[in-house]
1. Taking a virtual spin label 7 Å from the Cα of residue 82 along the C-beta vector, which residues in region 23-60 bring their backbone nitrogen under 15 Å of it?
2. Once both labels are modelled 7 Å past Cα along the beta-carbon direction, what's the residue 183-residue 15 spacing in nm?
3. For the chain, what does the relative contact order come out to in percent, with C-alpha contacts under 8 Å and a separation of six or more?
4. Can you tell me which of 129-139, 246-256 comes out highest on packing, and rank the rest after it, using the mean Cβ neighbours within 10 Å?
5. With 10 Å bins from zero, work out the P(r) of region 193-260 over every alpha carbon pair and list the percent per bin.
6. What is the gain in length, in nm to one decimal, between residue 243 and residue 126 on full extension, counting 0.36 nm per residue of separation less the C-alpha to C-alpha distance?
7. Counting only helical runs of four or more DSSP H residues, what would the 222 nm mean residue ellipticity of the chain come to if each run contributes -39,500 (n - 2.57) and the total is spread over all its residues?
8. R0 = 25 Å: FRET efficiency of residue 175 with residue 135, Cβ-based, nearest 0.05?
């Protein structure tokens, strides 16, 4: 379990996070929601270790995350950043294999290549394997980045274990691939010892796929609970300054958020 307790962060006398707490459990997709500047990416950087000068606690399976050595942490936690640039002329399969560095020390066997191909296949991206990374579109790169992160959590055969952190990983994906990817992640968290923590902006995707969500405004928690309890019209207005209705679609027995 990944636990955040009373996280606060100030940079240059500006409060970026103020007393934020949440719990991320395996078997679930947890969302971080909020308007631009709410503190979503800042909180993700605290969890990943990019920001260290916070107060409060980040605990990974009851251990202070600052006390976990980087190599050990990299085998338990994989992070897909909002902006990830690769400037070398590298094949997709070789880029994906970078995810296995922490447990293979760069000595990739046929087994690792097979695991990389399986991960690409899982995200419906196996046809990219011999393409150059630079030739991919923005959305295709994001899918491949997700594959690389999954391989990082695939030390054991046919098993993804740990915490997958995704910072607006689907910003360049079209609607089809956004939903397809989240459907795949939903199946993975149910089938493996895996948790997904994702920053997102699409409230209907959150309502459909996130088991629980943290809603932030100006670095403070508005709510943390089951997503359907968090995304009320009142909370949506407070967080985003837009009016919303939540309707029920009998065709698929799902709720839909309609913005005014």
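Throughout, read-outs are computed from the coordinates displayed, never taken from laboratory work. These numbers were taken from a predicted model, which means no experiment stands behind them. Heads up, the Cβs are rebuilt from the backbone with ideal geometry, glycines too, and the neighbour counts pull from every protein chain shown.
1. 32-48, 50-51
2. Computed distance between label sites residue 183 and residue 15 equals 4.4 nm.
3. 26 percent
4. Peptide ranking by packing, descending: 129-139, 246-256.
5. Result returned by the calculation: 19, 55, 22, 4.
6. 37.9 nm
7. -9500 deg cm²/dmol
8. 0.60
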